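Just below is one structure, and these are the notes that go with it.
The values are calculated or read from the model by the stated rules, or taken from the named source; none is laboratory data. Since this is a predicted model, take the numbers as computed values, not measurements. Cβ placement follows ideal geometry from the backbone for every residue including glycine, while neighbour counts extend to all protein chains displayed.
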Amino acid sequence: MAKDRVLLVDDDTNVLASIQRHLNRDFEIVTFERGRQALGALRQEEPFAVLVSDYRMPDMDGLTFLKEAREIAPNTVRILLTGYADVDMSVQAINEDNVFRLLLKPCPKEMLVKALEDGINQYHLMVSEHELLDETLNGSVKVFIDILSMLNPIIFNRSANLRQMAIKVANQLSFDHVWEVELSVLLSQIGSVSMPKEILDKLENGESLLPTERSMYQTQARVGCDLLDNIPRLHLVAEGIFYQYKLYNGEGYPANGVKRDAIPWIGRLLKVLFDFDELNRQYNNPMLAVAEMQKQTTWYDPQILTALHIELIGMKVNKPKKMVERFIKAEDIRTGMIMARDVFDLKHHTLITKGTEVSKVMEARLLNYARYKNIIEPIFILVPEGE
């Protein structure tokens, strides 16, 4: 089994050598003499289970280092090692800065080993809880989204089709919680369940909304925010959805004076993505759509718009394998297939939109329509050329 990784920071090379010599058998020890170097390792290397830092160091003290380390690697358990037993500092370290344990130098090997073992157990516990919560939360929300997409496939599937681009832009800009970005895009239109049927019908039929109707529809952002704000860990998602129509210069909905970088980052991203999607549908040319957006120098976060532009250039240079249409019977629809054209029932109601990847819930729904002969065939899907 792979050893748990421990990051040790101390400006005393003798201490580093001694600890590494005594503990290398049980742990994978990585050492640094400077806090700045160790922070770089936290950013670039595989995760560390435990971080042990000396308090007195020349470039930054141990508490400052541990605070910055927490921002980079919040799951890594932090231990402070010091030869200066200051009561006030100890209280601050443990109670205010969430330091897991305080050890006094010289620290007996047995005590250090016990602290590392306890720290590693705590690390695995936190990681397991986070993974369980993330998987449960993401899974539950995505099932919810599948159900909503069946109620209004035009609105919800357009959001789903922007998911991958949102993830790419977030990764390019080193946004830490990409899962929040993904859920924000997928749930961005959840408030539309409160909108009058006449407005939703217009959107489904591709008709333009009147200014009063558009203003009304934008209030769905508040409804969506309110629906999600009470769900644990979705506060930032709800906040981003609330600001999805806000211009970078502060104009637009909501009219509250918030502007520029004070607008939540996810809200700024949603504004860029959805305006891009609307223009791209109008021009059928993604580069032209971005060029039009770039003319509005105060409407969009410049970093996000630039990141989107770079992603589109990369897609143009590194063209994916050509996709071609194939037609199948409705009864042959399976999860993972990508629709090449919209799919309708016999009354010409949209069941799933062009470009959508079929989910398990959507597969079940379409197969039920097929069993009752209430679906227009054939069904057109996209497959790589040559397959």
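Points to keep in mind about this one:
- Every condition in (1) of a type in the set (G, A, S); (2) at pLDDT below 90; (3) over 30 Å from H348 (Cβ atoms); (4) crowded, with 18+ Cβ neighbours inside 10 Å is met by A238 except one, and the failing one is (2).
- R21 being part of a loop (DSSP other than H, G, I, E, B) and on the phi < 0 side of the Ramachandran plot: no
- Single unsatisfied condition, F276 versus (1) part of a loop (DSSP other than H, G, I, E, B); (2) assigned by TED's automatic domain parsing to the domain that holds P211: (1)
- Region 30-63 - residue that is of a type in the set (A, V, I, L, M, F, W, C) and assigned to a helix (DSSP H, G or I) and, of those, farthest from T76 (Cα to Cα): L63
- The residue of region 22-39 that is surrounded by the fewest Cβ atoms within 10 Å (Cβ to Cβ), among those that are more than 27 Å from L125 (Cβ to Cβ) and in contact with a strand residue (DSSP E or B) (Cβ under 9 Å, 6 or more places away or on another chain), is Q37.
- R78 of a type in the set (D, E, K, R) and either in a loop (DSSP other than H, G, I, E, B) or modelled with pLDDT under 70 (or both): no
- Residue within region 268-285 that is more than 21 Å from G206 (Cα to Cα), at pLDDT 95 or above and under 19 Å from the mean Cα position of the chain (by Cα) present: yes
- Pairing each residue of region 12-30 that is closer than 19 Å to M57 by Cα and assigned by TED's automatic domain parsing to the domain that holds R43 with any residue that is of a type in the set (F, W, Y) and part of a loop (DSSP other than H, G, I, E, B), provided the two are 6+ apart or on different chains, yields C-beta distances under 9 Å for V30/F48.
- Residue match in region 330-339 (condition: assigned to a loop (DSSP other than H, G, I, E, B) and in the same structural domain as V185 (by TED's automatic domain parsing)): no
- Matching residues in region 163-189 - criterion: being at pLDDT below 85 and not in a helix (DSSP H, G or I): S174, F175, D176, H177
- Residue within region 308-331 that is surrounded by fewer than 18 Cβ atoms within 10 Å (Cβ to Cβ), more than 24 Å from the chain's Cα centre (by Cα) and on the phi > 0 side of the Ramachandran plot present: no
- Qualifying positions in region 362-387 - among the β-branched types (V, I, T), under 16 Å from E331 (Cα atoms) and surrounded by fewer than 17 Cβ atoms within 10 Å (Cβ to Cβ): I376
Every residue, every condition in (1) at pLDDT 90 or above; (2) closer than 30 Å to I310 by Cβ; (3) surrounded by 14 or more Cβ atoms within 10 Å (Cβ to Cβ), yes or no:
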{"position": "G191", "(1), (2), (3)": "no, no, yes"}
{"position": "P196", "(1), (2), (3)": "no, no, no"}
{"position": "E204", "(1), (2), (3)": "no, no, yes"}
{"position": "P211", "(1), (2), (3)": "no, no, no"}
{"position": "A221", "(1), (2), (3)": "yes, yes, yes"}
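- Residues of region 341-379 classified as aliphatic (A, V, I, L, M) and touching a Gly at 6+ places or on another chain (Cβ under 8 Å), total: 1
- A residue that is in the same structural domain as L162 (by TED's automatic domain parsing), of a type in the set (V, I, T) and under 26 Å from the mean Cα position of the chain (by Cα) cannot be found anywhere in region 205-218.
- Filter result for the condition that a residue is over 17 Å from E182 (Cα atoms), assigned by TED's automatic domain parsing to the domain that holds S194 and assigned to a helix (DSSP H, G or I), over V223, V258: V223
- Qualifying residue in region 253-269 (condition: touching a Phe, Trp or Tyr at 6+ places or on another chain (Cβ under 8 Å), farther than 21 Å from L236 by Cα and surrounded by 13 or more Cβ atoms within 10 Å (Cβ to Cβ)): no
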